[in-house]
Each structure stands twice: as C-alpha cells, then as structure tokens.
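Accompanying notes for the structure given below.
Quick note: the coordinates plus some simple rules give every number you see, no bench work behind them. Since the structure is predicted, the reported quantities are computational estimates derived from the model, not experimental observations. Don't worry about glycine lacking a Cβ; one is built from the backbone with ideal geometry, like all the others, and counts go over all protein chains shown.
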Number of protein chains: 2
Amino acid sequence: MRTTTGHDGPTDSITDSLRRDILTGQFPPGERLQEITLARRYGCGRSAVRAALVELSSEGLIERETNRGAKVRRITVGEAIQITEGRAALESLVAARAAREINDADRAELSQVITDMRAAVAEERNSDYSDLNALLHRRLREMSGHTVAADLINKLRNRAAHHQYRLAVMPGRPAESLEQHAAIVDAVISGDEDAAADAMRNHLYSVIEVLRRWGDAPAI
Amino acid sequence: MRTTTGHDGPTDSITDSLRRDILTGQFPPGERLQEITLARRYGCGRSAVRAALVELSSEGLIERETNRGAKVRRITVGEAIQITEGRAALESLVAARAAREINDADRAELSQVITDMRAAVAEERNSDYSDLNALLHRRLREMSGHTVAADLINKLRNRAAHHQYRLAVMPGRPAESLEQHAAIVDAVISGDEDAAADAMRNHLYSVIEVLRRWGDAPAI
DNA sequence: GGGGACAATATTGTTGACAATGACTCAATG
DNA sequence: CATTGAGTCATTGTCAACAATATTGTCCCC
C-alpha cells in the first residue's frame, strides 16, 4: 500500500518516512519543518518527530537551530561539488575493493546491468537508466564488503540527491556516463583494483565538471 | 570548573558531554548506557539523553536496539582498519586540497609543528607528540577548506579513537610516523597536490599495517 | 509618520506519568 | 534434570501538559 502523501504509516520509522519525503521533494529545500505539523502528518507524537529531526540533522539533510526549529537544508552547488569529491574518494576505494572481491556470479550480474543500461539509453528511458545507475553503485558497495565506506557514501548521496536528479535529466548526459560506467565494470570484472578506482574517480569527477558548469548558471 | 565525573554541566550540550566521556574511556566499549542513569549523571531529563543517544548512534559511537537500550559500540580491529581506509581516502583528498590552498602563514605554522614534533620524539614526550599529531591533521583539514570531508574525517577519527590511542603508546611508533608527517608537510608546503595525497595515504596505510599486525594478537 | 517598549501568539524545550516491550525468576511438569 | 510457562521486574517508547523562548503585532510617545 502506498498513499498519495508518500508515507506508509508506522511500519517504518518516522525517520525513514521523513527522509524519503525530503528526498522526493515533498519538502523542498528551505521549507520549515514544524514538529506539530509533522506529528499530525505521520500520525505520531512530537517525540518521534524530534528524534527523526535529530537524526536527519546529523545526516546533513536538515538544519536545526535551538528554539527556532528545523528546515530542509539548501545545498549549494559548491557543497554538492564537495560532496561529490568525498564520494569520489570513497567510491574509488569501494570500486577497488569490489575488484578484489569479485566472483563469477557478480561478474555476470554487473555485465547484465551494463547491457540493460545500454538498452535504456538507446530507448531514451531516462528514469530506468537512473534506477540502473543507483543499482550499479549500490551493488558495487555491497560486493566490496566495505561497510564503513558504503555507509558514508549512502549519506553523501542523500545529501546531494537534488543535484544528482537534475543531472539525470540533462540531455546527452546518460550517454556520456554510460561509457564511464562500462569502464568501471570492465575494470572491476577484470579484477584490476587500480583501474577500477581510476575509472570510478574519473566518472565522479566528470559529474563534478557538470556541476561546476552549473555553478555559473544556477537553475530551478 | 571541572568535576571528577568529567563533565562541565549544561554549558555544552549533553551530546558533547557524553561523546567526551565515551572517548575518554569513562564508558568502556560494551558498557550499557541507561537513559535514567545518564540523565542523573548529567543533571537533565531523559529527553536530552535520548537526543544525545540518537546522534551518537548515527555517528557510530554507540549502538541502539529498540526497547533494549544503548551500549558503547565495540570496534573490532577489522572495523578499525576499514575506518582508517576511509580516512586515508578522505584525508588524502584534504591534503591535496591543503597543498592547493596553502599560503605563507600556513607554511610557517606547519613547519613549526614538525619542529615541535621532532623535539617531542627526541625527548620521548609521547603525550605531547600525540597532541601535535592531532593538531597537524586538524590544521590540514582547516587549511583545505573542505568542510564536507573534514566533518566526515572527524567522525571517523572518533570511532576509531580507542585503537588510535593504543597506537600512540607503541614503542618506536612515533619516530616512524614522524617521518611520514614530515613528508606530508613537505609536499603540502611545496604545493604538490599529488605528492601530498600520496604522502597522506602512505601514512595512514602504515597505520593500517600496524592495526593488521594487531589483528592476530588482540590486546586489552 | 516612525521608532521603541510591551503584550500576544506561536513554537520549541522539558518534565513527568503511563504504556509497551523484553529479560529474568522460579516453580511445575514431562 | 531439562524445559516451558506464567508472572514479575526493569527499561525503553510514547504521550500530554507545562515552561521557556522567539516572533509578531500593537500601542504610545516623540
């Protein structure tokens, strides 16, 4: 069951519901997050909401001022670049580790993802490509077995989610990033740790290049 | 004023007090953190304690289970290695950025830190050397201007603090790490981004080497 | 008409009580 | 003697009321 408000009820924690609603844009950057309003929205008391606000604040998704409430954090392009630089450092580590730990089943799965990506780009199914993109990065994190880095990357991805989204709908961008993803998978499959790290870093610094071009002409 | 319990009162937040008490070993790994006990200790209500627990949990310092309370997380050697690998990825980014942003005042300051380090090692003032070590890394983060990476590194350092401490009192270790720190500073001062990143990575992977040797013979 | 003091309102921070959940004790039973 | 069950206890999760604080609006005086 999924309601139109975008939350499933008390099955998952209020923190997860609120995080999802922020990431999906139900609460745009800068929006005030009033405790009593959120409590009514999610059908719980203020304490649960407060716990969620504390947690999301430490994740960098919202900012809280004492006695002045919480609001959705507005991520500048400059900060999005720093976030992606951090991701580049950590995801290259993860890619190298995945190349070391790879097995045959994982090799087949990664190849399949690239195949699906090519199809999605060819047929201009941008949404599917975006999903496959997330899937590829997630599976690489899982294969690496590096839980510490994987956890940090997850939080960083969330923080820059808005900017990442704008990237996915940029004309010509999927085709460009497809080749970078293919290079990453090639390196991981062949077990070349250094090449995997380089390919991943190269991919994310190309993302940074796009963000930097946006820096001069901010949109939305 | 500083009491024997090691907290200053309500001047700083309960989160900071609790974090400090965990890092200084007042609450050893595995210790249960009971809300009502902490509330009495810090002279506040349970809600403030709960907020602190939520935050420290997301920092990785404690683990919380629903309806079962919180306890200080026990960091295995394996996890300490992963944490240091993450730090290596992020601190090498920071070192490179510091090398790019360096100015003359910072150059003089970094040189002075190395000079002080040499003196501390020569006179076997291990505690002083440890402080200078923290100072050097912190100043490099500040000079880099990379707040995102600096923040993540801070949290990672906290998580592995216990293991780092054991490292500082290891015989012969300060002398070894001194040369690595000197190499980092040399590269940063000369503005060579790649060399700075390499030197920092080299330093932290030498830390990992020590941790790995400990893995076979865990102490304390 | 403008500025500052002051009251009114709205919102967060805190406390205390109660409900819900899990762990433990101990006896009864096979 | 081990096991299972009910009952008890300790602890966390939740809620509602109250206090503290910031914001807004109003009135008076200049």
Under 12 Å from the Cβ of B:Arg125, count the other residues' Cβ atoms, weight Lys and Arg +1, Asp and Glu -1, and hand me the total. -4
For A:143-151, what's the mean count of beta carbons from other chains sitting within 10 Å of each residue's beta carbon? 4
Calculate, for A:Gln112 and A:Ser206, the FRET efficiency according to 1/(1 + (r/R0)^6) with r their C-beta to C-beta distance and R0 22 Å; round to the nearest 0.05. 0.40
Which of the aspartates and glutamates could a cross-linker span from B:Lys71 if the Cα-Cα distance has to be under 16 Å and same-chain partners fewer than 8 positions apart are dropped? B:Asp21, B:Glu31, B:Glu35, B:Glu55, B:Glu59, B:Glu63
Please work out whether the range A:45-99 counts as rounded, prolate or oblate from its C-alpha gyration tensor, where a ≥ b ≥ c are the square roots of the eigenvalues and a/c under 1.5 means rounded, while otherwise a/b larger than b/c means prolate and anything else oblate? oblate
Over the alpha carbons of the protein assembly as shown, what is the largest minus smallest coordinate on each principal axis, giving the biggest first in Å? 70, 51, 45
Helix A:14-23 sits off the longest principal axis of the Cα atoms of chain A, rounded to the nearest 10 on a 0 to 90 degree scale, by 60
Sort B:192-200, B:18-26 by packing, meaning the average of other beta carbons within 10 Å per residue, with the highest value first. B:192-200, B:18-26
Determine the dipole magnitude for the range A:19-116: charges of +1 sit on the beta-carbon of Lys and Arg, -1 on that of Asp and Glu, nothing else is charged, the reference point is the Cα centre, and the result goes in debye to the nearest 20. 700
What helix-only [θ] at 222 nm does chain B give? Using -39500 (n - 2.57) per DSSP H run of at least 4, over all residues, to the nearest 500, the answer is -23500 deg cm²/dmol
Suppose every K and R has +1 on its Cβ and every D and E has -1 on its Cβ; what is the size of the dipole of chain B about the Cα centre, in Debye to the nearest 20? 1220
So for chain A, taking the charge dipole from beta-carbon charges (+1 Lys/Arg, -1 Asp/Glu), which of A:Asn67, A:Ala51, A:Tyr205 sits furthest toward the positive end? A:Asn67
Of B:Gln26, A:Gln34, A:Ala183, which is farthest on the positive side of the dipole of the protein assembly as shown, counting Cα position, with +1 on Lys and Arg Cβ, -1 on Asp and Glu Cβ, and the Cα centre as origin? A:Gln34
In units of 2.2 N^0.38 Å, the Cα radius of gyration of chain B is 1.10
For labels at B:Lys155 and B:Asp131 in the simple 7 Å Cα→Cβ model, what's the distance in nm? 2.9
Between B:Arg74 and B:Glu142, the two model label points (7 Å from Cα along the beta-carbon direction) sit apart by a distance in nm of 3.8
Could you line up B:Val54, A:Val188, B:Val169 from fewest to most neighbouring Cβ atoms inside 10 Å? B:Val169, B:Val54, A:Val188
Built amide H within the under 5 Å cut-off of A:Ile62, gap 5+: A:Ser57, A:Arg73
Can you give the mean number of other chain Cβ atoms that lie within 10 Å of the Cβ atoms in peptide A:46-55? 3
C-alpha center-to-center spacing [the range A:159-220, the range A:88-153] in angstrom: 12
Nearest 20 debye, what's the magnitude of the dipole of the range A:75-143 about its Cα centre given +1 on Lys and Arg Cβ and -1 on Asp and Glu Cβ? 220
